[in-house]
1. Using amide H atoms built in the peptide plane, which far-off residues or other-chain residues are under 5 Å from Arg5 H to H?
2. Give me a comma-separated list of calculated 3J(HN,Hα) values for the stretch 53-66, in order, Karplus coefficients 6.51, -1.76, 1.60 applied at θ = phi - 60°, integers in Hz, x for any Gly or Pro.
3. Tell me, what HN-Hα J-couplings in whole Hz come from the Karplus equation 6.51 cos²θ - 1.76 cosθ + 1.60 at θ = phi - 60° for each residue of the stretch 78-89, using x for Gly and Pro?
4. Pull out a ≥ b ≥ c, the square roots of the eigenvalues of the alpha-carbon gyration tensor of the stretch 74-124, then state rounded if a/c is under 1.5, prolate if not and a/b is larger than b/c, and oblate in the remaining case.
5. Please list 3J(HN,Hα) in residue order for the stretch 167-174, calculated via the Karplus relation 6.51 cos²θ - 1.76 cosθ + 1.60 where θ = phi - 60°; whole Hz, with x for glycine and proline.
6. In the stretch 134-240, what GluC sites (Glu not before Pro) fall in a loop by DSSP, with at most 11 other Cβ atoms inside 10 Å?
7. When only DSSP loop residues count, what chymotrypsin sites (Phe, Trp or Tyr not before Pro) in the stretch 47-125 have their Cβ near at most 16 other Cβ atoms within 10 Å?
8. Name the residue, out of His141, His202, His104, whose mean-square fluctuation peaks in a Gaussian network model built on the chain with Cα pairs under 10 Å.
Amino acid sequence: MSEKRLVWDLPLRLFHWLLVLSIAASWYTAENSEEYLSIGRGYTYIESHLWLGYWALGLIAFRLVWGVIGPKHARFASFVPGPKRLIAYTRTFFKRDSQPAAGHNPMGALVVLLMLLMVGAQAVTGLFLIDNTEVWAAPFHPSVEAATASKLMSFHHFNFDTLFWVICLHVLAILFYRVFKRQRLVGAMVTGRKPAEIVAQHEVIRSSQLWKALIVGLVCAGGVYLLLQQAPPPVVSDEY
């Protein structure tokens, strides 16, 4: 068995899979928004959807910070491609024996940035919305006019529909790399390791920097909490 070398730190891998679960759960709770989920007391799925949005906002905040101070391959500076590098990579895309990247390849890097932008936009716009029954309002809904909230809702739906197709494209790309280029991308995102023939010694990360990740995670969670504390008071209706 060939030697495997660490390239993906544990916090990055946890972020990846937690975001996958978060997106799936957000879709499910949105589709069943008017139903109830019994956990001790009756919770509507839309309540869970709102909490998942806060969770996603914290995850994106963590990834943005981790992209600046995390280990080598987590940093944006190490994988965001310039035009020359991107064009050079596209020329080898359909070559079966092209050299795999130690971290993100240039095209994969663009997808990472696109998904972070789209999920971030989804979480932020969700802070200003209200559900179809107009019962459950997000924290910052009272701060915007009805017309603005309507436009944000339209964007929220359009953005998620687009995100769905981006995710499908991402999955197809993984299958393409596995079948055509014989590169196992999913396994590396589980174990964090790639074969030594792909990862040069200078590309190896020495640790997952767990203490730093814990501090960043707590700071991001605190930031989301403080943000929600700034929300205006809910509008009290006189109707019964």
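Quick note: the coordinates plus some simple rules give every number you see, no bench work behind them. Keep in mind that this is a model prediction, so the values were computed, not measured. All Cβ positions, glycine included, derive from the backbone under ideal geometry; neighbour counts span all protein chains shown.
1. Amide H neighbours of Arg5, under 5 Å, 5+ apart: Lys194, Ala196.
2. x, 5, 4, 5, 4, x, 4, 5, 4, 4, 5, 5, 5, 5
3. Going residue by residue, I get 8, 10, 5, x, x, x, 5, 5, 5, 5, 4, 5 Hz, with x marking Gly and Pro.
4. Details: a/c = 2.40, a/b = 2.16, b/c = 1.11.
The shape class here is prolate.
5. 3J(HN,Hα) across the stretch 167-174, in whole Hz: 5, 4, 4, 4, 5, 4, 5, 4.
6. On the way: sites: Glu134, Glu145, Glu197, Glu203, Glu239; in loops: Glu134, Glu145, Glu197, Glu239.
When the GluC sites (Glu not before Pro) of the stretch 134-240 are filtered for loop state and at most 11 Cβ neighbours within 10 Å, Glu134, Glu145, Glu197, Glu239 remain.
7. Details: sites: Trp51, Tyr54, Trp55, Phe62, Trp66, Phe76, Phe79, Tyr89, Phe93, Phe94; in loops: Phe93, Phe94.
Listed in order of number, the matching sites are Phe93, Phe94.
8. His202
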